[in-house]
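This report concerns only the one structure given below.
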Amino acid sequence: MSTSQEREQVLHLMGIATATILALTAVVLAAVCPPQDLTPERARMFAHSAQGGI
């Protein structure tokens, strides 16, 4: 195998490993932090804080 082919294969495997780690992290975060109920009041507070007015 040439050097460029080896480098391409290593980059491909690193991409797969990175994607796997990100997917596992997303699953763990979704399990640990369940979605919150977004009430209209919370939505207004979030919008207000996002615009810089806390």
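No lab work stands behind these numbers, since they all come straight from the coordinates. Since we're looking at a predicted model, the values are computed, not measured. Counting neighbours? That spans all protein chains shown, and the Cβs are built from the backbone with ideal geometry, glycine included.
Just to be sure before I move on: is VAL10 surrounded by fewer than 10 Cβ atoms within 10 Å (Cβ to Cβ) and out of contact with any Cys (no Cβ under 6 Å at 6 or more places or on another chain) in the structure I sent? In short, no. A residue that is surrounded by fewer than 10 Cβ atoms within 10 Å (Cβ to Cβ), out of contact with any Phe, Trp or Tyr (no Cβ under 7 Å at 6 or more places or on another chain) and outside any helix (DSSP H, G or I) cannot be found anywhere in region 19-32.
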